[in-house]
Amino acid sequence: MPIDVIIYHNPDCGTSRNTLAMIENAGIEPHVIEYLKTPPNRSRLASLIGRMGITPRDLLREKGTPYHELGLANPALSDDELLDAMIAHPVLINRPIVVSPLGVKLCRPSEEVLELLPSRQRGAFTKEDGQRVTDAAGKRIEG
């Protein structure tokens, strides 16, 4: 039975690439949404945030974005104002977000995705930076 997994992905992001590779290493072909090309609408983004149990501020990305230029560090900004900023500038949405039958999560670090996958890794997995995540049997390496 196919497993429905969605990843909001940025192919230029190493964490996002590692997360996608771990999903595939579990034998799952996810629906890949390159959110910078096809951003979620406001209601979808609000729903994802709610399902993750975080706030819009928790999902804001600072590095490589107009975060500071837009004054988004201001603690007086409302959740609605932060959502508006992410809709206007999707690069402000941190990634990758993974949706699976087991939940929704911002997968930073990328190993967080393992909690969302109903099937084990099919073998060893090593992240792009050389960090080993699973051994040859697909068992997570702690540390």
Fill in the blank from the handout: Checked against (1) part of a helix (DSSP H, G or I); (2) out of contact with any helix residue (DSSP H, G or I) (no Cβ under 8 Å at 6 or more places or on another chain); (3) touching a residue at least 40 places away in the same chain (Cβ under 8 Å), E115 satisfies every condition except (3)
Practice task
Answer with yes or no whether G64 is assigned to a loop (DSSP other than H, G, I, E, B) and modelled with pLDDT under 95.
Solution key: yes
Practice task
Please find, among I54, I28, I33, I23, the residue that is assigned to a strand (DSSP E or B) and either under 29 Å from E142 (Cβ atoms) or in contact with a strand residue (DSSP E or B) (Cβ under 6 Å, 6 or more places away or on another chain) (or both).
Solution key: I33
Problem - Residue list for region 36-51, filter: free of Cβ contacts under 8 Å to residues at least 40 places away in the same chain, open to solvent by 60 Å² or more (accessible area, probe 1.4 Å) and either over 22 Å from V91 (Cβ atoms) or outside any loop (DSSP other than H, G, I, E, B) (or both) - result: S43, R44
Completion exercise
Of the residues in region 85-107, those that are in contact (Cβ under 8 Å) with a residue 40 or more places away in the chain and part of a loop (DSSP other than H, G, I, E, B) come to R95, P96, P101, C107
Practice task
Identify all residues within region 1-20 that are outside any helix (DSSP H, G or I) and polar (S, T, N, Q); write none if there are none.
Solution key: N10
Completion exercise
(1) open to solvent by less than 70 Å² (accessible area, probe 1.4 Å); (2) modelled with pLDDT under 95 all hold for M1 apart from (1)
Practice task
Considering each of D12, D84, D58 in turn, give the residue that is more than 30 Å from R132 (Cα to Cα) and open to solvent by 60 Å² or more (accessible area, probe 1.4 Å).
Solution key: D84
Exercise for the section: Can you tell me which residue among G123, G64 is open to solvent by 20 Å² or more (accessible area, probe 1.4 Å) and small (G, A, S)? Expected result: G64
Exercise for the section: Kindly indicate whether any position in region 103-120 is within 19 Å of N18 (Cβ to Cβ), in contact with an Asp or Glu (Cβ under 7 Å, 6 or more places away or on another chain) and either crowded, with 16+ Cβ neighbours inside 10 Å or at pLDDT 95 or above (or both). Expected result: yes
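The values are calculated or read from the model by the stated rules, or taken from the named source; none is laboratory data. Just so we're clear, the structure is a prediction, and the values are computed from it rather than from any experiment. Positions of Cβ are generated from backbone atoms using ideal geometry, with glycine treated the same way; all protein chains shown enter the neighbour counts. Side chains are part of the model used for accessible areas, which takes the heavy atoms of the whole protein and leaves out ligands, DNA and RNA. Shrake-Rupley method; radii C 1.70, N 1.55, O 1.52, S 1.80 Å.
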